[in-house]
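A.B. asks: The structure follows.
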Amino acid sequence: MKYSLTSKEKDYTMKKIHNRRDFLIETGKAGIATSIGLSVLPTLSFAKSPFALTDFSQQPLPYSYNALEPIIDALTMEIHYTKHAAAYAKNLGEACVAEKVDTTNNTLETLLRNISKYSTKMRNNGGGHYNHELFWKCMKGGAATKPTGKLASSMEQSFGSFEAFKTQFTDVGKNRFGSGWAWLVKTADHKLVIGSTPNQDNPLMDVSELKGTPLLGLDVWEHAYYLKYQNKRADYINNWWNVVNWDFVASRFAV
Ligand code: MN3
């Protein structure tokens, strides 16, 4: 198709793609993609992997700033979302323009898998944006306290018990020196692994030692907890278990 879209038409098309993608996620019926004409659009991977994080721009926070009180206070959430995370998304956009990344035909995950080809700015902000988009979804006020189903049995197999998993994950988060993330990852051979990455790196990146699909991520940068917990990172992590959205984590494990 040689016809070039004007920027207004592009905006409209992207909105349609987003609406359709949200619809697909809602229905979970990938087969419907063809019937509503998604086959002509470039980013069909949306339909194949509804839990992939593909957007280059910041998405609305899935709950209010005070939804995770008293575990995470509203002011921390507001600053974290509107200042820190917003800056990663903005700087990622700048880097994509400067380094000529086609954000319409590529997904964020593809970019991260090839991050060694890009600048440090792209690495820090591409990772920062992805990690926070995932982090918000990994939490929920009044969430279930433990996983069920296949994720639960796989955890028992990999770590001995859910409690043992929590202890190991907590230790990894506590012991990350400086700023970074703790992760539960599904490896290419479908094993569960706990690990950590520095700064805003993540396990999708080709430069990361820890590799796989991140199922659950915990931000242990001081900006994530300092207002309420000050230097007590361990208290933050121990409380954080009460707001983990296990349904979301299980849904990523199942894909
Ligand atoms: Mn953060």
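A.B. asks: Residue by residue through segment 87-106, note down the ones that are open to solvent by 60 Å² or more (accessible area, probe 1.4 Å) and within 16 Å of the ligand (Cβ to nearest atom).
C.D. replies: 90
A.B. asks: I'd like the residue in segment 179-193 that is more than 13 Å from the ligand (Cβ to nearest atom) and part of a loop (DSSP other than H, G, I, E, B) and, out of all such residues, is surrounded by the fewest Cβ atoms within 10 Å (Cβ to Cβ).
C.D. replies: Top of the filtered list is 189.
A.B. asks: If I ask for residues that are open to solvent by 40 Å² or more (accessible area, probe 1.4 Å) and either under 14 Å from residue 131 (Cα atoms) or part of a loop (DSSP other than H, G, I, E, B) (or both), which ones from segment 224-236 would you list? Steps first, please.
C.D. replies: So in segment 224-236, the residues open to solvent by 40 Å² or more (accessible area, probe 1.4 Å) come out as 226-228, 230-232, 235.
The answer is 230, 231, 232.
A.B. asks: Within segment 155-171, is even one residue of a type in the set (Val, Ile, Thr), under 26 Å from residue 83 (Cα atoms), more than 17 Å from the chain's Cα centre (by Cα) and assigned to a helix (DSSP H, G or I)?
C.D. replies: Step one: filter segment 155-171 for residues of a type in the set (Val, Ile, Thr), giving 167, 170.
The next check asks that each one be under 26 Å from residue 83 (Cα atoms); those that pass are none.
No; the residues of segment 155-171 include none that is of a type in the set (Val, Ile, Thr), under 26 Å from residue 83 (Cα atoms), more than 17 Å from the chain's Cα centre (by Cα) and assigned to a helix (DSSP H, G or I).
A.B. asks: Restricting segment 107-120 to residues that are open to solvent by less than 60 Å² (accessible area, probe 1.4 Å) and part of a loop (DSSP other than H, G, I, E, B), which is farthest from the ligand (Cβ to nearest atom)?
C.D. replies: It comes out as 114.
A.B. asks: Now, a different point. May I ask you to say which residue of 247, 206 is open to solvent by 30 Å² or more (accessible area, probe 1.4 Å) and touching a Lys or Arg at 6+ places or on another chain (Cβ under 7 Å)?
C.D. replies: Working: 247 fails: touching a Lys or Arg at 6+ places or on another chain (Cβ under 7 Å).
It is 206.
A.B. asks: Quickly run through segment 195-219 and pick out the residues that are part of a strand (DSSP E or B) and more than 18 Å from residue 139 (Cβ to Cβ).
C.D. replies: Going through segment 195-219, the residues part of a strand (DSSP E or B) turn out to be 195-198, 213-219.
The answer is 195, 196, 197, 198, 213.
A.B. asks: Continuing with this model, one more query. So residue 135 passes all but one of these: (1) buried (at least 17 other Cβ atoms within 10 Å of the Cβ); (2) at pLDDT below 95. Which condition number does it fail?
C.D. replies: (2)
A.B. asks: Would you mind telling me which numbered condition in (1) open to solvent by 60 Å² or more (accessible area, probe 1.4 Å); (2) closer than 17 Å to residue 253 by Cα; (3) basic (Lys, Arg) residue 123 fails?
C.D. replies: Single failed check for residue 123: (2).
A.B. asks: Here's a follow-up. Given (1) under 16 Å from residue 215 (Cα atoms); (2) within 16 Å of the ligand (Cβ to nearest atom); (3) open to solvent by 60 Å² or more (accessible area, probe 1.4 Å), where does residue 196 come up short, assuming only one miss?
C.D. replies: Against the list (1) under 16 Å from residue 215 (Cα atoms); (2) within 16 Å of the ligand (Cβ to nearest atom); (3) open to solvent by 60 Å² or more (accessible area, probe 1.4 Å), residue 196 comes up short only on (3).
A.B. asks: Can you run down the residue pairs with Cβ atoms below 9 Å, 6 or more apart or on separate chains, where the first is in segment 130-149 and more than 20 Å from residue 220 (Cα to Cα) and the partner is open to solvent by 50 Å² or more (accessible area, probe 1.4 Å) and away from the ligand (no atom under 12 Å from the Cβ)?
C.D. replies: From segment 130-149, the pairs are 143/242; 143/247; 144/247; 145/242; 147/247; 148/247; 149/254.
A.B. asks: To continue, here is another question. Filter segment 64-86 for residues that are among the small types (Gly, Ala, Ser), more than 10 Å from the ligand (Cβ to nearest atom) and open to solvent by less than 50 Å² (accessible area, probe 1.4 Å) and give the result. Steps first, please.
C.D. replies: Our first condition is that a residue be among the small types (Gly, Ala, Ser); within segment 64-86, this holds for 64, 67, 74, 85-86.
Next cut, more than 10 Å from the ligand (Cβ to nearest atom) only: 64, 67, 74, 86.
Scanning segment 64-86 gives 67, 74, 86.
A.B. asks: While we're on this one: Going through 131, 105, 124 one at a time, which residue ends up being touching a Pro at 6+ places or on another chain (Cβ under 7 Å) and not assigned by TED's automatic domain parsing to the domain that holds residue 224? First the steps, then the outcome.
C.D. replies: Values: 131 fails: touching a Pro at 6+ places or on another chain (Cβ under 7 Å); 124 fails: touching a Pro at 6+ places or on another chain (Cβ under 7 Å).
The match here is 105.
Rundown of residues vs (1) under 29 Å from residue 247 (Cα atoms); (2) modelled with pLDDT under 95; (3) out of contact with any His (no Cβ under 6 Å at 6 or more places or on another chain), yes/no style:
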{"residue": "88", "(1), (2), (3)": "yes, no, no"}
{"residue": "117", "(1), (2), (3)": "no, no, yes"}
{"residue": "124", "(1), (2), (3)": "yes, no, yes"}
{"residue": "140", "(1), (2), (3)": "yes, no, yes"}
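The values are calculated or read from the model by the stated rules, or taken from the named source; none is laboratory data. Please read these numbers as outputs of a predicted model, since none were measured by experiment. Using ideal geometry, Cβ is built from the backbone for each residue, glycine included, and neighbour counts are taken over all protein chains shown. Note: areas computed on protein heavy atoms with side chains; ligands, DNA, RNA excluded. Shrake-Rupley method; radii C 1.70, N 1.55, O 1.52, S 1.80 Å.
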